[in-house]
Every structure is written in C-alpha cells, then in structure tokens.
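> Have a look at the structure that comes next, please.
The values are calculated or read from the model by the stated rules, or taken from the named source; none is laboratory data. This structure is a prediction, so every number in the text was calculated from the model and none was measured. Reconstructed Cβ throughout: ideal geometry from the backbone, glycine too, with neighbour counts over all protein chains shown.
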Amino acid sequence: MSSPRLEIVSPIPLYLDEAKSASKLAPRPSSLEGKVVGLLPNWRPSAYDLLKAVGEVIEQRFRPRAVILEQPDREVPVSKGRLLDGLRSKLDDFAQRVDVAITATGD
C-alpha cells in the first residue's frame with residue numbers, strides 16, 4: 001500500500017534572490033554607521049508604520065548619517081507593461097540618494 005502524497009504549491013512568485021540561476025545579492029555594508037538608510041514602504045496599510053518603527057531603531061542603535069522614509073504611493077498606475085516600469089524613475093532616484101535600502105509590505 002502506498003502512502004498518500006501531498007504536494008504544496010505556493011502562489012508566491014520566485015524572487016530573483018531565490019532563483020538558482022540568479023546572481024548574488026547586492027553586497028551588504030559591515031555597518032550602518034555614517035550611511036544613508038532608505039526605507040521604502042509599498043502601498044499596503046501597515047508598511048509605512050512598520051518601517052517608521054524600524055527607522056527609529058536604526059537611528060538609536062546604528063548611528064546612520066540619515067534615515068529617509070519615503071511616502072508610499074497610494075495608487076500605482078499601470079497603463080502598459082509591468083508594475084516596475086511605472087516606478088522605475090522613482091526607484092532610480094531613491095537608489096541614488098541612499099547607501100542602503102530596506103523595503104517592507106504590511107497588512
């Protein structure tokens with residue numbers, strides 16, 4: 001008699017850092033001291049509050065030069081292409097202003 005087989009399928013997409021053929025993750029700094037830390041929430045309800053709390057802890061413990069908490073986009077217009085296509089210029093600007101980026105989603 002064979003044992004029952006259970007297969008679990010996740011609806012979560014495969015992220016680039018999980019793909020076997022993906023390149024390595026970006027290098028991590030050894031310290032946040034003196035760095036500009038960017039906090040980038042998505043449009044989910046609690047993401048902003050979650051990152052605000054993270055930013056306060058970072059400021060207290062790690063002596064960054066600055067912590068920048070971006071305002072979330074309330075509406076993400078997607079007329080053509082993919083979601084990231086509409087945010088590309090905002091993300092490029094953000095990347096130019098920070099040394100380290102932390103993002104979050106929260107419901």
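Quick grid of which residues meet (1) surrounded by 13 or more Cβ atoms within 10 Å (Cβ to Cβ); (2) β-branched (V, I, T); (3) at pLDDT 75 or above; (4) part of a loop (DSSP other than H, G, I, E, B):
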site	(1), (2), (3), (4)
I8	no, yes, no, yes
I12	no, yes, no, yes
L16	no, no, no, yes
K24	no, no, no, yes
Y48	yes, no, yes, no
L51	yes, no, yes, no
V54	yes, yes, yes, no
Q60	no, no, yes, no
G81	no, no, no, yes
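> Right, something else. Of all residues in the range 87-107 being acidic (D, E) and in contact (Cβ under 8 Å) with a residue 60 or more places away in the chain, which is nearest to A66 (Cα to Cα)?
This residue is D99.
> Which residues, counting only those in the range 31-66, are without any contact (Cβ under 8 Å) to a residue 24 or more places away in the chain and within 11 Å of V100 (Cβ to Cβ)?
Selection gives nothing.
> Exposed (fewer than 10 other Cβ atoms within 10 Å of the Cβ), among the polar types (S, T, N, Q) and at pLDDT below 90: does that describe S30?
For S30, the condition - exposed (fewer than 10 other Cβ atoms within 10 Å of the Cβ), among the polar types (S, T, N, Q) and at pLDDT below 90 - is not met.
> Quick check on my filter: what residues within the range 64-79 are assigned to a loop (DSSP other than H, G, I, E, B) and at pLDDT 95 or above?
Selection gives P64, R65.
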